[in-house]
1. Tell me, please, whether a residue that is within 14 Å of the ligand (Cβ to nearest atom) and in contact (Cβ under 8 Å) with a residue 24 or more places away in the chain can be found in the stretch 362-371.
2. Starting from residues that are closer than 20 Å to residue 199 by Cα, in contact with a helix residue (DSSP H, G or I) (Cβ under 6 Å, 6 or more places away or on another chain) and not in a helix (DSSP H, G or I), keep the ones in the stretch 146-155 and report whichever is farthest from the ligand (Cβ to nearest atom).
3. So, in the stretch 75-127, how many residues would count as being within 13 Å of the ligand (Cβ to nearest atom), of a type in the set (Val, Ile, Thr) and at pLDDT below 95?
4. Any chance you could count how many residues in the stretch 219-242 are closer than 20 Å to residue 34 by Cβ and among the small types (Gly, Ala, Ser)?
5. I need the full set of residues from the stretch 159-202 which are under 22 Å from residue 404 (Cβ atoms), aliphatic (A, V, I, L, M) and over 22 Å from the mean Cα position of the chain (by Cα), in order please.
6. I'd like the full set of residues that are aliphatic (A, V, I, L, M) and over 22 Å from residue 426 (Cβ atoms), limited to the stretch 136-172.
7. All but one of (1) within 16 Å of the ligand (Cβ to nearest atom); (2) farther than 19 Å from residue 249 by Cβ; (3) small (Gly, Ala, Ser); (4) in contact with a Ser or Thr (Cβ under 7 Å, 6 or more places away or on another chain) hold for residue 137; state the number of the condition that does not hold.
8. Residue 346: surrounded by fewer than 19 Cβ atoms within 10 Å (Cβ to Cβ), small (Gly, Ala, Ser), over 25 Å from the mean Cα position of the chain (by Cα) and closer than 19 Å to residue 258 by Cα, yes or no?
Amino acid sequence: MQFYSTNKKSNRVSFKEVTLYGQPNDKGLYFPKQISRFSNDFLNNFRRLSKAETAFEMIKDYVGDEIPRERLFKICEETVGFEFPLVKVTDRISALELFHGETLAFKDVGARFMSRCLGYFAQDIKQKIVVVVATSGDTGGAVANGFYNIEGVDVVILYPSGKVSRVQELQLTTLGKNITALEIDGNFDDCQTLAKQALADNSIKEKVFLTSANSINAARWLPQQFYYAFALQAWNEEFPPIISVPSGNFGNICAGLMAKTSGLPLGKFIAACNANDVVTRYLSGESYDIKPAIATLSNAMDVGNPSNFVRILEIFKHNFANLQENILSLSVSDETTAETIREVFANQDYLLDPHGAVAYFALGKLLQTPEKGIFLATAHPIKFDSVEEILGIKTNVPKSIESLFDKEKVSIKIDADYEKVKEIILR
Ligand SMILES: *Cc1c(COP(=O)(O)O)cnc(C)c1O
């Protein structure tokens, strides 16, 4: 399928170019020329399909014939090769746990899908492909793991020294092979500035094919639709679920809205936000005024200017009433987030991470009887050191990452100095 730029509709490219280049030069985002309509056959039968079959049916129109069917099916199988359990937390609220992949967060799904598509398209690129990513914690691990051992692709991750959690750092720095972790003496903004500088540097482009793998790449964004179907496969209630999504850059919720527009029987969506509330205020009728990001407990959602919101506007054809009809929103403070983690642990014996806690609280607040709903548990609580501090207990380390603690951290520690970054990219 063709994709257009949200800034210039006549600027059209294929799925291959979308995957390779990520963002159009005009600084818009790529959006599919048409939103898929799932067939009646699919909608009547998807509850009986396997996860891989479901994923394949949901993505195939967007990829078209740019990846052969068998290869695309294999990519889908590898993308969804872990569990997505729907867990009842209260009578009316269930958690869709998206943290059973390698790096214990939902970003594994998009990163795995994109890495394998890029790996396929790499065959046609003569130069070595280098993916550069700046991370404040979650993205880097998912991208590093997604691209680990993908032939023809090297990955350079820039992360701020001392500013990611213990588990996040181990996930970034213990892989080796085609993954290089650059530990920057600075903050996340420094990392991002260095990555952008590299991506804009023509003297690099002569030597390697440099690209990014950030969340606006449609090959990372679109596969996030899959787990909304998995939720429905486990949903046995009479009415469609209300869906609460902890939102930062708004990619995840936007993918859910795509799946709904394509025909999945989902109820209203809740954009659950932390103190970074530009969208919450906008949906309540205020103007869309972006602010610098505020640091919160749910730090993967600390985004002042959510990049994917323009895609949501595209889905609803820039019609405000339509938007308000389909999306509710609530901003949740750190105090309430911590209180929710304590309360749900004490009363329901369920351990929330700060992002899930924001979504859980917003759902509880906005559900109306007799509605029932699902919130997305986007990361495992072990990834955030704050959870143990809030609860005052030691939590169990999941089996899948126990071995991380025996591995040796390998990073290249440097100042926020572009020339050094460049040298490492060109190594
Ligand atoms: C990235 C992330 C989010 C926010 O997702 P968006 O698609 O940026 O809205 C929420 N929770 C966790 C744990 C994340 O890593």
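The values are calculated or read from the model by the stated rules, or taken from the named source; none is laboratory data. Predicted, not measured: the structure shown is a model, and the values here were computed from it. Methodologically, a virtual Cβ is constructed for each residue, glycine included, from the backbone with ideal geometry; neighbour enumeration extends over all protein chains shown.
1. Yes, there is a match, as at least one residue in the stretch 362-371 is within 14 Å of the ligand (Cβ to nearest atom) and in contact (Cβ under 8 Å) with a residue 24 or more places away in the chain.
2. Filtering the stretch 146-155 for residues that are closer than 20 Å to residue 199 by Cα, in contact with a helix residue (DSSP H, G or I) (Cβ under 6 Å, 6 or more places away or on another chain) and not in a helix (DSSP H, G or I), the one farthest from the ligand (Cβ to nearest atom) comes out as 152.
3. 1
4. Qualifying residue count for the region: 2.
5. 184, the sole residue that qualifies.
6. Answer for the stretch 136-172, where residues must be aliphatic (A, V, I, L, M) and over 22 Å from residue 426 (Cβ atoms): 142, 164, 167, 170.
7. So residue 137 meets the others, but not (2).
8. no
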